[in-house]
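Working notes, beginning with the structure itself.
The values are calculated or read from the model by the stated rules, or taken from the named source; none is laboratory data. This is a predicted model, so every value here is computed, not measured. Note that each Cβ is placed from the backbone with ideal geometry, even for glycine, and that neighbours are counted across all protein chains shown. Side chains are part of the model used for accessible areas, which takes the heavy atoms of the whole protein and leaves out ligands, DNA and RNA. Shrake-Rupley method; radii C 1.70, N 1.55, O 1.52, S 1.80 Å.
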Amino acid sequence: MKLLRSETDPVRDQFARARAELAAALIERDEEVDLILTALIAHEHVLLVGPPGCGKSLLLDSVLAWTGGTRFTLLLTKFTAVEELVGPVSLAALKADKYLRVTTGKLPEADYAFLDELFKGSSAILNVMLRILNERTFDAGDGVARPVPLRLCLAASNEWPSPDTGKELAAIADRFVLRKTVSPIRSQVGRRKLLWTRDHAPKLSAPIAPAEVDQARRRAQALPWSADAREALEAVLKELAKEGVQPGDRRQFQTVGVVRAFAYLTGADEVRPEHLEVAQHCLWDDPGEQPRKAAQVIARIANPVGMRVTQLLVEAEQVLTATNVRDLADAARAAAKLAEIDRQFAGLAAGPRVETARAYLKDQLKKLKLASIEAV
Ligand SMILES: Nc1ncnc2c1ncn2[C@@H]1O[C@H](COP(=O)(O)OP(=O)(O)O)[C@@H](O)[C@H]1O
Ligand SMILES: [Mg+2]
């Protein structure tokens, strides 16, 4: 089976290249890059929420620069008018006693959209948007709901809607199957790279055409789920329900397609339990505690290498920030902890992420030793 399937897939290679190029330029945004590329393949929408200045716009703009096609970008405020989203009402049509919107250059004609400050929009705006995202059709006024070409809608916000901001915002947030909180840069090396790199914009080699995105989607849809992966997803849903996390039926079903798309992105021939890693961004409703629960349950049941790597790197970072290198005993304790973390890395299935993480750890260990020697 493996041999038969190893035929070349140039579109998948293009995705792999963009994935590497985006992740290399954007600091500590590997997961967000994966999220967006997965959504693109799965034909779903992505919402990123995080404080101002954490690279959301840079990432979303970079991806949209790569995809080509017709783009639509809008920064929403409470004063944004419906016209700005779907186009003005045609005066010529009005004279003929008809109501019709001219949608040229607006969301109903876009292949890709970026909506910044999503939750700032008025209810009129949010309602129009909801229909487009939901049904992927738009009625310009003549009573005909025509399909829109929208392949991917990326949205950003500085905060999650609070429960008291009403059902409207929750409904719009629910249209985004992939959702993630973006945190500021965590590591020391990351911060150094942020400060001393002149230009953070990724240089993407070859753009991808809408038809190629569609092809990737068809290929991904054809990936089979292994029996292990099916069982793991069912077990994850059961566990989550016990913990009070019960995403709706539509969301659960959409997750199946998202995980398939992620498996395709990582170059796999079939969906395996480790690909459930991406489902942590789908299988919850309330952004408060539920994402963490979803991540824990998936880590426990499917144990994806990617999640272990992230977790171990966070531990390493905590050790490094808590260490006073001028204190020899403290530095020695930290070195022992880092060595233990490295042993855990060694126990994981080898792969590029594990290798990069180990190289990083080795580097930090060396610096730690040098610093404490200098302190003597
Ligand atoms: N993780 C990151 N990687 C690379 N550059 C970053 C990162 N976070 C912030 N920056 C820098 O800060 C700038 C502002 O980020 P931006 O994308 O506008 O933030 P946001 O949209 O989240 O408010 C970027 O253009 C980039 O130069
Ligand atoms: Mg921004």
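Table for the structure above
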item: The listed residue being over 26 Å from ARG191 (Cβ atoms) and within 16 Å of ligand 1 (Cβ to nearest atom), out of THR103, THR73; result: THR73
item: Any hit, region 245-262, residues being over 19 Å from the mean Cα position of the chain (by Cα), under 17 Å from TRP284 (Cβ atoms), open to solvent by 50 Å² or more (accessible area, probe 1.4 Å) and of a type outside the set (D, E, K, R); result: yes
item: Only one of ASP61, ASP139 that is more than 15 Å from ligand 1 (Cβ to nearest atom) and either surrounded by fewer than 18 Cβ atoms within 10 Å (Cβ to Cβ) or at pLDDT below 95 (or both); result: ASP139
item: Answer residue from region 157-175, given it is without any contact (Cβ under 8 Å) to a residue 24 or more places away in the chain and charged (D, E, K, R) and is farthest from PHE253 (Cα to Cα) among those; result: ASP164
item: Boolean, SER226 is open to solvent by less than 50 Å² (accessible area, probe 1.4 Å), modelled with pLDDT of 95 or more and of a type in the set (S, T, N, Q); result: yes
item: Given (1) more than 27 Å from ARG131 (Cβ to Cβ); (2) of a type in the set (A, V, I, L, M, F, W, C); (3) part of a helix (DSSP H, G or I), index of the condition CYS54 fails; result: (3)
item: Residue within region 28-44 that is basic (Lys, Arg) and in a helix (DSSP H, G or I) present; result: no
item: In region 35-58, the residues that are within 11 Å of ligand 2 (Cβ to nearest atom) and open to solvent by 10 Å² or more (accessible area, probe 1.4 Å); result: PRO51, PRO52, GLY53, CYS54, GLY55, LYS56, SER57, LEU58
item: Lone qualifier among PHE79, PHE15 - being open to solvent by less than 40 Å² (accessible area, probe 1.4 Å), more than 16 Å from ligand 2 (Cβ to nearest atom) and aromatic (Phe, Trp, Tyr); result: PHE15
item: Selection from region 142-168 of residues that are open to solvent by 60 Å² or more (accessible area, probe 1.4 Å), more than 16 Å from ligand 1 (Cβ to nearest atom) and over 26 Å from LEU94 (Cβ atoms); result: PRO163, ASP164, THR165, LYS167, GLU168
item: Residue check, ALA171 within 16 Å of ligand 2 (Cβ to nearest atom) and touching a helix residue (DSSP H, G or I) at 6+ places or on another chain (Cβ under 7 Å); result: no
item: Among (1) among the charged types (D, E, K, R); (2) outside the structural domain of ALA261 (by TED's automatic domain parsing); (3) surrounded by 15 or more Cβ atoms within 10 Å (Cβ to Cβ); (4) away from ligand 2 (no atom under 16 Å from the Cβ) - the single one LYS180 does not satisfy; result: (4)
item: Residue within region 288-298 that is surrounded by fewer than 17 Cβ atoms within 10 Å (Cβ to Cβ) and either touching a residue at least 40 places away in the same chain (Cβ under 8 Å) or farther than 30 Å from ALA334 by Cβ (or both) present; result: yes
